[in-house]
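The values are calculated or read from the model by the stated rules, or taken from the named source; none is laboratory data. All values reported here derive from a predicted model rather than from experimental measurement. Please note: Cβ atoms are built from the backbone with ideal geometry, for glycine as well, and neighbour counts cover all protein chains shown.
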Amino acid sequence: MLEEHWEAHPELQAVPIYQASGMMRKSLKVYETYQEMLNEDIKTLFMHENPFAFHHVTHLKHAGQFDDVGPCVLMATPSGLQSGVSRDIFEAWCEDRRNTVILCDFAVQGTLAREILGGPKDILTKTGGRKKLNCSVAHISFSAHSDYDQTSTFLDEVKPPHVVLVHGEKTEMMRLKGALEKAAAEKEIPRSVYTPAILQTVKVTREPLRVVRVAGQLAEKPPHVGQHLKGIMVSGPAGTGAAGSGAAPQQLLLHPNDLHAYTRLHRGRVTQRQALATDRPFSALRLALEVMFEGVEGSGMLPVSGVKHQRREDPQGASFQGQQLHEQQQQQQDAGV
C-alpha cells in the first residue's frame with residue numbers, strides 16, 4: 001500500500017520507507033516462489049515485473065543499518081514494542097515531538113504499546129531508566145480481526161444460535177459478548193454467546209434434522225400427522241435409488257419386502273432350530289411364543305422314535321437380530337407354561 005501511494009505521489013518520494021521485519025522479508029520470498037497460489041491481480045503483475053521488488057521500500061536487517069537524519073517512515077516489529085527493532089527505535093525517538101508512533105495491531109494488555117495508548121508522561125526503558133513520551137501516538141485498526149460492526153453484521157446474516165468468542169482479551173471479550181447478546185435480544189434472535197477460557201470446554205446441545213423419504217408399500221397410504229411408521233431406514237451409498245439408477249444418496253424408509261426394488265440390498269433370513277425338553281403340549285408352547293413375539297410360525301410337533309419318557313419340541317424362528325434374547329425368553333416361557 002505504501003509502495004503504491006508513494007508511486008502515485010512524487011512529492012513524497014524524497015521520504016524513504018524502511019521495513020525492519022525479518023518475517024516479512026522471508027514471507028516475500030515465499031510469495032515470489034509460489035506465484036500460482038496468489039490471486040489473479042498479482043499473477044497479472046508478475047507477467048510484467050516482480051510486484052514485490054519495491055522501489056520505495058528498503059529492507060533493514062538491524063536498527064543501525066539506516067541513517068535517521070531527516071523524515072522517514074519505518075515499519076518495525078514486534079507491534080507490542082516489547083523488544084527488538086521496534087523497541088530500540090521507539091526509545092530513541094519517543095522524546096522528539098516531531099515523531100509519531102502509529103500502532104496498526106491490537107495492543108495486548110501488559111505491553112508497552114498498550115501503555116502508551118493511555119497517554120503517560122514518560123515510559124520505562126529496557127535498561128530501567130525513564131524517558132519522556134513527547135511523540136504523538138495514534139492507533140489504526142489494521143489487523144486480521146473483526147470488530148463489533150463486522151462481527152454483528154456477519155451474525156445477523158447467518159443467524160447462528162450459538163457463538164463462541166476466542167482469541168481475545170477477557171475484558172473486551174465480555175464487552176463484545178454483552179453487546180452481541182443485547183443486539184440479538186432486540187431483534188428477537190435466539191443466540192447464546194460463549195467466551196471460554198484456555199482449555200475450558202463448551203458443550204452445545206443440538207438436535208439433528210433428519211429428513212427421510214418414504215417409498216414403496218409404506219407410501220401407498222399417506223400417513224397422517226403424528227402417525228408412527230415402522231420399516232427399515234436405509235442411508236448412505238446403499239440408499240441410492242433403484243438398483244443401477246445412480247441417483248444421489250438419500251435416506252429411505254422402506255418395507256423389508258421393498259429393499260431389492262429401491263436399493264442394492266437384499267433381505268436376508270436367519271433360521272434357527274432349538275431343541276427344548278418339555279412335557280407340555282405344543283399348542284401351549286406356541287401360544288406362549290405368540291403372546292411374546294410377533295410373526296411366530298410353528299413347524300408342528302416332530303415325531304421322535306424310540307423315546308418313551310421325553311418329548312422334544314423344535315420351535316423354528318426367523319429374525320434379523322436379537323436371536324439370543326429370543327432363545328432365553330423361549331426357555332422362560334416354556335418353564336412357566
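For the range 231-239, state whether one or more residues are modelled with pLDDT of 85 or more, loosely packed, with under 15 Cβ neighbours inside 10 Å and among the small types (Gly, Ala, Ser). No, there is no match, as no residue in the range 231-239 is modelled with pLDDT of 85 or more, loosely packed, with under 15 Cβ neighbours inside 10 Å and among the small types (Gly, Ala, Ser).
Restricting the first member to the range 120-140 and to residues that are more than 20 Å from Ala107 (Cα to Cα), and the second to residues that are among the aliphatic types (A, V, I, L, M) and assigned to a strand (DSSP E or B), the beta-carbon pairs closer than 7 Å and six or more apart or on different chains are Arg130/Leu124; Lys131/Ile123.
So that you can scan it fast, the table gives a plain yes or no per residue for (1) surrounded by fewer than 17 Cβ atoms within 10 Å (Cβ to Cβ); (2) in the same structural domain as Gln13 (by TED's automatic domain parsing); (3) at pLDDT 90 or above; (4) closer than 18 Å to Glu3 by Cβ:
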| residue | (1), (2), (3), (4) |
| --- | --- |
| Tyr34 | yes, yes, no, no |
| Ile42 | yes, yes, no, yes |
| Ala53 | yes, yes, no, yes |
| Asp68 | yes, yes, no, no |
| Leu81 | no, yes, no, no |
| Lys121 | yes, yes, yes, no |
| Thr127 | yes, yes, no, no |
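When Val85 is tested against (1) under 27 Å from His167 (Cα atoms); (2) surrounded by fewer than 16 Cβ atoms within 10 Å (Cβ to Cβ), exactly one condition is not met: (2). When Cys135 is tested against the conditions (1) within 29 Å of His167 (Cα to Cα); (2) crowded, with 16+ Cβ neighbours inside 10 Å; (3) not aromatic (Phe, Trp, Tyr), the lone failure is (1).
This table checks each residue for (1) out of contact with any Pro (no Cβ under 7 Å at 6 or more places or on another chain); (2) closer than 21 Å to Leu252 by Cβ; (3) of a type outside the set (Ser, Thr, Tyr); (4) outside the structural domain of Gln250 (by TED's automatic domain parsing).
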site: Lys159; (1), (2), (3), (4): yes, no, yes, yes
site: Leu165; (1), (2), (3), (4): yes, no, yes, yes
site: Gly178; (1), (2), (3), (4): yes, no, yes, yes
site: Ala185; (1), (2), (3), (4): yes, no, yes, yes
site: Glu220; (1), (2), (3), (4): yes, yes, yes, no
site: Leu229; (1), (2), (3), (4): no, yes, yes, no
site: Met233; (1), (2), (3), (4): yes, yes, yes, no
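Scanning the range 91-103 for residues that are within 30 Å of Pro10 (Cβ to Cβ), among the hydrophobic types (A, V, I, L, M, F, W, C) and surrounded by 14 or more Cβ atoms within 10 Å (Cβ to Cβ) turns up Trp93, Val101, Leu103. Using the structure shown, decide if Leu74 is within 42 Å of the chain's Cα centre (by Cα), surrounded by 14 or more Cβ atoms within 10 Å (Cβ to Cβ), without any contact (Cβ under 8 Å) to a residue 60 or more places away in the chain and within 30 Å of Gly128 (Cα to Cα). Yes: the conditions hold for Leu74. Of the set (1) touching a strand residue (DSSP E or B) at 6+ places or on another chain (Cβ under 8 Å); (2) among the aliphatic types (A, V, I, L, M); (3) surrounded by fewer than 16 Cβ atoms within 10 Å (Cβ to Cβ), all apply to Val158 but (1).
Within the range 163-214, restricting attention to residues that are modelled with pLDDT of 85 or more, assigned to a loop (DSSP other than H, G, I, E, B) and closer than 18 Å to Asp149 by Cβ, the residue that is nearest to the chain's Cα centre (by Cα) is Leu165.
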